[in-house]
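Working notes, beginning with the structure itself.
All of the numbers you see were taken from the coordinates with simple rules; none came from a lab. Bear in mind that the values here come from a model prediction, so they are computed numbers and not experimental data. Using ideal geometry, Cβ is built from the backbone for each residue, glycine included, and neighbour counts are taken over all protein chains shown.
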Protein chains: 2
Amino acid sequence: MSGWLAIAGLGPGDDRLVTPEVSAALAQATDVVGYIPYVARVAPREGLVLHPSDNRVELDRARAALQMAAEGKRVVVVSSGDPGVFAMASAVFEALETRPDWQALDIRVLPGITAMLAAAAAAGAPLGHDFCCINLSDNLKPWEVIETRLRHAARADFAMAFYNPRSASRPEGFAKALAVLLQECGPERLITFARAVSTPDQRLSTVSLGEATPEMADMRTVVIVGNSATRRVGPWVYSPRSAK
Amino acid sequence: MSGWLAIAGLGPGDDRLVTPEVSAALAQATDVVGYIPYVARVAPREGLVLHPSDNRVELDRARAALQMAAEGKRVVVVSSGDPGVFAMASAVFEALETRPDWQALDIRVLPGITAMLAAAAAAGAPLGHDFCCINLSDNLKPWEVIETRLRHAARADFAMAFYNPRSASRPEGFAKALAVLLQECGPERLITFARAVSTPDQRLSTVSLGEATPEMADMRTVVIVGNSATRRVGPWVYSPRSAK
C-alpha cells in the first residue's frame, strides 16, 4: 500500500466548518500529526494513531509526518483554519526542501476556512474590498519588517487582518502595532477583535482605533482593521465594494 | 414562521469543499438567490425556489433577497468561494444601509473556501507568509488605485493574490498590472496562474514574471505572485514562514 500525506485545515473550531474533503482524508488516515489542541479535535478510532506535539516544533513535526508517509502510512497533518495561512503547509515544504528523496511523495494540501474569513463573516464583511493578511508574531521576522508592512498596508488603504496579535512572551508588539496604525489611519478607523470565532468562547467587538487597547487581543484573537471606507450598518461592519 | 437570510459561500467548485454549515442552510432554504452559474450548483428540490440572475446586478439581487427574508422566507444568497471576498456579502450590507427597517432581520454570513486559498493549496503554499488580496477589476475602482496598491504590496514584500485579473471588456488592465509588477519585483519573481481550481477544468502553471503574459489569465483564473523568498520545491511553490 502506498503512503500519502495530506496537510489539512480543520477550520476555526466549529465542526460544521470542516470541509467534507478534510473529513474524508481523516476517515482514510492511519496517522494524524499536529499541535496538541488541533489533534484533540480529531475523534479517536480503531486503526488511527494520533501524534500530538507541542507548539514551535513545526519542522520536526513535518519531518516526522513525511517520514511516515514515505514508510507507506496515510498521514494527515492538521492545522486549525487553513493549512496554507500561517500554518503547517509551509513547514512541510521547508522540510521537503532538505530531502529531495521525499519530493515524489503523494502530497496534497486540503484548504480550510481560515480564521480571518470566519471572523469577517461573523462581523459582517470587513474584508469585502482589497485587503492584506499579516502575522504579527515576531518569532520568525523582525519587528521592522512588520512595521514596514503595516505602513504600506495603511497607505495602500487595504483592510488588514492580523494573526497572532499578542502573546504573553511579547506583550509589547501589539501595542506598537496599534500605535503605528493610529498614526497612519487616524483615531476613527474601525477595528474588530474576533476571539475564538465559531467556538462557544466566541467574542466579537468593534471599536475605533482611538478606543482600542492592546488588552483587547490575545493569541486566540484575529484582529481586522477596516479601510478608510469601512463602516457600520446595524450590528454589522462592512467594507463597500467600490473605491474612489 | 420568521424569515432569515444566509449569505453563503459555495467554495471554488468541488462539492467536497462546501462546508456542512452551508449545506445545512441550503437544505432549510425556501429560496436561493445568486448569479446564474452559482445557483446552477444548487440541486433543485420540492419547496425550493431558485432565483438565478445575471452578473453585475448585485445590489438588485441583494434587495430582492432581503425583501423575501422580510416576508418570512428562508433565503440563501449564494456566491462562489467565500461570500465576504469580492462577492455578495458587501452588496447585501450596502443594500441594508438604505433600508434601516431591514437591519433587525436574521442575517448570517456563512464563510466558504475562497478561490485564492484553494489555488494556493493546489500550488503548494505560496500564501504561507504575509500576503494581500486585490481585485484587479476596475469596474468599481479606478486603475490608479490598483496601481498604487500593487506598488505598496511589492514594497511591503507581500505575496499577492489577484481576483478577476482579466476580462474581454478590459483586456489591457492585466497587462498594465504585469508591467508594474515586473518593474517592482524583477523578472525572477514567481507567478502562479490557477484556473478553475478544484473543477475538472483546473489548470495550474507557475512561471517567472519575465515569462508571464496577459493571455495566461482569464476571468476564471486566480493569480498568485510570490514574495521575494517564494520558491519551488519539487513540483510545488511555497513561501517560507520566516523573513529577514
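In this Cβ point-charge picture (+1 for Lys and Arg, -1 for Asp and Glu), the range B:140-244 has a dipole of about 320 debye about its Cα centre.
What's the average, rounded to a whole number, of partner chain beta-carbon atoms within 10 Å of each residue's beta-carbon in B:77-86? Please list the in-between numbers first.
Values: counts 0, 0, 0, 0, 1, 8, 5, 16, 8, 5.
Averaged over the peptide's residues, the number is 4.
The Cα center of the range A:84-163 and the Cα center of the range B:193-219 differ in position by 21 Å. Considering only A:Ile36, A:Leu178, A:Asn135, the residue lying farthest towards the positive end of the dipole of chain A is A:Leu178, judged by Cα position with unit charges set on Cβ.
The other copies place their B:Ala43 label points at 2.1 nm from this one, listed shortest first, where each point is 7 Å from Cα along Cα→Cβ.
Plainly put, the tip 7 Å out from Cα toward Cβ on A:Glu184 is 1.3 nm from that tip on each other copy, the closest given first.
Taking R0 as 22 Å, what FRET efficiency do you get between B:Thr213 and B:Trp143 from their Cβ-Cβ distance, rounded to the nearest 0.05? Kindly include the intermediate steps, with their values, before the conclusion.
Working: r = 20 Å, r/R0 = 0.89.
With R0 = 22 Å, the Cβ-Cβ based efficiency is 0.65.
Placing unit charges on the Cβ atoms only, positive for Lys and Arg and negative for Asp and Glu, gives the protein assembly as shown a dipole magnitude near 200 debye about its Cα centre. Taking a straight line from the alpha carbon of B:Lys244, these lysines sit under 21 Å away, with near neighbours fewer than eight places off in the same chain left out: A:Lys141, A:Lys176. Label-to-label distances for A:Leu59 across copies, nearest first, come out at 5.4 nm, using points 7 Å from Cα in the beta-carbon direction. For the range B:48-203, the Cβ-based charge dipole about the Cα centre amounts to some 240 debye (Lys, Arg positive; Asp, Glu negative; other atoms uncharged). When each of A:Thr192, A:Thr30, A:Thr114, A:Thr98 is scored by the number of other beta-carbon atoms lying within 10 Å, the sequence from fewest to most is A:Thr98, A:Thr30, A:Thr192, A:Thr114.
For a 4.7 Å threshold on C-beta separation, the list of partnerless cysteines in the protein assembly as shown reads A:Cys133, A:Cys185, B:Cys133, B:Cys185.
When only alpha carbons are used to place a centre, the range B:32-68 and the range B:1-18 end up 12 Å from one another. Taking other C-beta atoms within 10 Å as the exposure proxy, A:Arg232, B:Arg45 rank B:Arg45, A:Arg232 from fewest upward.
Between A:Glu188 and A:Arg41, the FRET efficiency estimated from the beta carbon spacing at R0 = 41 angstrom works out to 0.55.
If r is the Cβ-Cβ distance from A:Asp201 to B:Asp106 and R0 is 30 Å, what FRET efficiency results, to the nearest 0.05? It comes out at approximately 0.85.
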